[in-house]
Amino acid sequence: MSDFVTLTQELRQIAGLSGTGPADVATATGIELQLVRHIRDAWLAIQTDHKDWKWMWKEYEIPSPGSGPLQTIGNTTDYILTDVRKFWTNTFISYKTSLGTTDRQRMTFVPWEAYRRRYAVANVTASRPIQCTRMPNGNLRVYKPDDIYSIEFEIQKRAQVLLVNADIPDLPSDYHPLIIYEALKIFGKAHDAPELIKLAEEEGGSEGGEGR
């Protein structure tokens, strides 16, 4: 398993450059800054190359310590979704948190336009959240809950951006070298080095089908 700075250092070695840096991606300059950018760009390119990487699937968890399913707040309808590119509309399940998972019931996802027509002028009475929709701003709206409910659903995460030394790509560690070789292609093109592009394609593959 390699973190951001280690990937950048390994790229330097494979590219045949002297030295061992960067020591810190945040303070890199010159050629080291280029290497940092190539690793970051390569990782973004891999994540966006296909829409449905299996390793970008997960069950939604609230972004806090001890995170678990989204928990509603009584009389609140709108919830900000963090790090969610899309979700699967047939996976929503709710249960009253105090009762636990034995109270699980499926929810119905309603497209935003239909949801708005149905409830825009209605006097909505708080009850179990049996329906939900995604608003144009990307947030989740649930039918007005009357208590604290846990809501589970499946998502595809947004692309991860590497920022600091210790950031680890959210990809099975066996495939971390793919990031280096994708970055090597970028480096080879930027420096007119076809031999490095060829090496990257031979060692890393050019189809990128792993993990689908």
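All conditions but one from (1) of a type in the set (S, T, N, Q); (2) exposed (fewer than 12 other Cβ atoms within 10 Å of the Cβ); (3) outside any helix (DSSP H, G or I); (4) touching a Lys or Arg at 6+ places or on another chain (Cβ under 9 Å) apply to Ser67; the one that does not is (4).
Here's the yes/no breakdown for (1) open to solvent by 40 Å² or more (accessible area, probe 1.4 Å); (2) in contact (Cβ under 8 Å) with a residue 40 or more places away in the chain; (3) closer than 17 Å to Thr8 by Cα:
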position: Ile148; (1), (2), (3): yes, yes, no
position: Ile155; (1), (2), (3): no, yes, no
position: Ala190; (1), (2), (3): yes, yes, yes
position: Pro194; (1), (2), (3): yes, no, no
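Restricting the first member to segment 197-212 and to residues that are closer than 9 Å to Lys185 by Cβ, and the second to residues that are outside any loop (DSSP other than H, G, I, E, B) and modelled with pLDDT of 50 or more, the beta-carbon pairs closer than 6 Å and six or more apart or on different chains are Ile197/Lys185; Ile197/Gly188; Ala200/Tyr181; Ala200/Leu184; Ala200/Lys185; Gly204/Leu178; Gly204/Tyr181. Within segment 18-44, the set of residues being open to solvent by 40 Å² or more (accessible area, probe 1.4 Å) and under 13 Å from Ile180 (Cβ atoms) comprises Arg40, Asp41. Among the residues of segment 108-138, those that are under 21 Å from Pro63 (Cβ atoms), under 26 Å from the mean Cα position of the chain (by Cα) and open to solvent by less than 40 Å² (accessible area, probe 1.4 Å) comprise Cys132, Met135, Gly138.
The values are calculated or read from the model by the stated rules, or taken from the named source; none is laboratory data. In this text, all values refer to a predicted model and were calculated from it rather than measured experimentally. Neighbour counts run over all protein chains shown; Cβ positions are idealised from the backbone, glycine included. With ligands, DNA and RNA removed, areas are computed over all heavy atoms of the protein, side chains included. Shrake-Rupley method; radii C 1.70, N 1.55, O 1.52, S 1.80 Å.
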